[in-house]
Each structure stands twice: as structure tokens, then as C-alpha cells.
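The values are calculated or read from the model by the stated rules, or taken from the named source; none is laboratory data. If you're wondering where the values come from, they're calculated on a predicted model, not measured in any experiment. Please note: Cβ atoms are built from the backbone with ideal geometry, for glycine as well, and neighbour counts cover all protein chains shown.
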Amino acid sequence: MIPRLLPAIALALAAPTAPSLSAPVTAQAAADLPFDAYLELLKARARAEGVSEATIERMTAGLTPNPRVIALDQNQPGSATTRGYPPMADYIRTHVDAARIAGGRAVYAQSQSTLAAIEARYGVPGSILVAIFGHETSYGRVKGDFDLARSLATLAWEGRRRELFAGEFVALMKVAEKGYDRAQLVGSYAGAFGNPQFLPSVYLRLASDGDGDGRADIFTNRADTFASIANYLRDAGWRTGEPWGVRARVPPGFDLAGQRSRLVAPQCPRVHERFSRWRTIAEWRALGIEPMAGIGDDVMASLFQPDGPGQPAWLLTGNFRAILEYNCSSYYALSVGLLADAIRD
Ligand SMILES: [Ca+2]
């Protein structure tokens, strides 16, 4: 997988899951069960939510816990206790490099008509879709080969985030019910799969058919991949015609700390606390902040100067927040935006 600062779990946290029809597998009840016994609880829950016995059997035959998945899960950075942030410039240099830009331009050129049709339907620029495709899986080259049923059952059984992964396990059974083989249902150790690295619940909610054959094949089909990413971003509130953000000139001595937001974000607050309060572009101009590309005066934006005074700054719109819903990391979202600009220009 592509190294990232935050786990793909942000997706699941952003996506409400359907309420369970069966009695919830509580942490207490499942805490000390052997894997096989716990798996029976998961299977019962899938059954209660309407998954067929045939699907449950073919997806769980011979299933054992995966120690590598547990090791990877326990190595997640989690919530850091330090207040420091790694430099943005280093991240941009390694994630928006010449090879990734060239790869993105090639995909963009190959898929021009498909991307234009999807942009017309969903209102999200093709360059943004290609940039996310590039960040998630290096344009489809690195999708992960963990057996998803094994990974999700292991993570639910391990219990650190039991309810999340038990729900994703049942969602995976529902994806399989649509006719996907277990051998095809492989992905990251944490359960994300396909070109856009969707979790099963996200697939069920937002995967889209881009080429009109009736299936949302995010494994190999590019039109379906782009339509699914576009649908995700539209659902996250993408506004057609607005940029994700623009570079901004900040006058020397500007009191950025004085523009701090007093709101605490309900999700990933440590990411959001780095952005200023919202103002219109006209208000920012009045404070001496100069956008370095075209953007409407009435667009709302927050100011972000990740590496401090004298370093690059950006005015970020609500569309940047939509990218953050895909993966709540300012490093990820900024490099997606910059890669999209480099692909398009
Ligand atoms: Ca399709």
C-alpha cells in the first residue's frame, strides 16, 4: 500500500452504517472467545441481515486469524501525543513527484471522454478523480492482496475497533452476494479494496456504474472507478465549479494565529485545528491575503500555511473538506489537489 499518515478507516468513520437487525456482538460477550467461536457470531449476524448461506460458506471456509493483520493494525500511528507536524514540503515532494504527475497525465489523456462524461454527471473534475486514483493505488498498480474476509474477521475478533470491523465484515458478505468471488475480494490489510480503496460499507453505499453495464466494478473498470470516486465526493458535498483551493500570498508579519477557528471539528480535530476560520475571499483580500489564481470573491475559504511564516500558503474551499472526507489527512488532501492541478495544466 501507499504510505499514508492516516488509515483508510477515515472512510468508515465518515460513512454511517445501517443499524444491525441482530443482537450486537458486544465487546464484553466476544472479548474472550476463540476465533472460531467469534466467527460464528459474525456469520450469524450476516445471516440475520439477509446474506445467503452459500455466500457465507464460500467466504468463510477455512478462515483463520491473520497474525500479520494484527501486527499491522497495532503498528498504526494512532493519535500522536506530540504537537509537532512533519513538514508538508517533504510530503509534497515525495507524493507529487514527476513520475506520479506523468502517470496521471497519461491516465487523464487515455480516459478523456470517460472523464468528461463523469464530470458532466457528477460535477467533479476528472483531474481530481485521477489524482485520487493515483494516490490510492498508484493508478491501479497497488491494490493489496489480503483476503478481505480474513482481514476483517481478524480485526473484529482482535477487538481494538470491534464494532467497526464487524460491520465491515457483514458489509463484505453483502458485496460478495452481488456475485464477486472470494479470490477477487482482496485488498489492504484494513479492508479497503479496488482502485479507489473503498471499504465494503462504502462500496455498498456509493460505488457506481460508470460504463452502464449494470455493475460497479471498482477492481478493473476505470469508468466504474472514476464514477465511484466522483459519487463519493459529490456525497461529501463537492461544489461544482469551485476549486479545491488556491495558492495565496501572505504578507510578512501576518497574524495567522489570530485567525484561528474557535470551533472543534467532530471528526479528526487534530487535522482541522490547523486550518484558520472561514472567511470569504473578499474578506481575505481585505486582510491582505492575495489569491494567486482565479477564485470567486464570495467563495468561503480557510487559510492554511502548514510549514509556517514565509512558506507556501493556500486558501482552501469546502471542496478541500470533501477530499478530507475521503482520507482525513491534510497531507493527503493537499497533495491530491496539487497533483490534480499538475495533471490538468
Ligand atoms: Ca460497470
Residue check, G214 outside the structural domain of K174 (by TED's automatic domain parsing), exposed (fewer than 12 other Cβ atoms within 10 Å of the Cβ) and within 16 Å of the ligand (Cβ to nearest atom) = yes
Within the stretch 312-326, is even one residue in the same structural domain as P252 (by TED's automatic domain parsing), under 13 Å from A89 (Cβ atoms) and not hydrophobic (A, V, I, L, M, F, W, C)?
-> yes
Can you pull out the residues in the stretch 239-266 that are closer than 20 Å to A293 by Cα, of a type in the set (D, E, K, R) and part of a loop (DSSP other than H, G, I, E, B)?
-> R239, E242
Got at least one residue in the stretch 306-323 being assigned to a helix (DSSP H, G or I) and free of Cβ contacts under 8 Å to residues at least 24 places away in the same chain?
-> no
Selection from the stretch 274-292 of residues that are more than 27 Å from the chain's Cα centre (by Cα), not in a strand (DSSP E or B) and not charged (D, E, K, R) | I281, A282, W284, A286, L287, G288, I289, M292
Please state which one of F275, F219, F226 is at pLDDT 95 or above and away from the ligand (no atom under 16 Å from the Cβ).
-> F275
Kindly indicate the residue of the stretch 218-238 that is under 18 Å from the mean Cα position of the chain (by Cα) and in a loop (DSSP other than H, G, I, E, B) and also surrounded by the fewest Cβ atoms within 10 Å (Cβ to Cβ) among those meeting that condition.
-> G237
Taking the stretch 176-194 only, how many residues are buried (at least 24 other Cβ atoms within 10 Å of the Cβ) and within 15 Å of the ligand (Cβ to nearest atom)?
-> 1
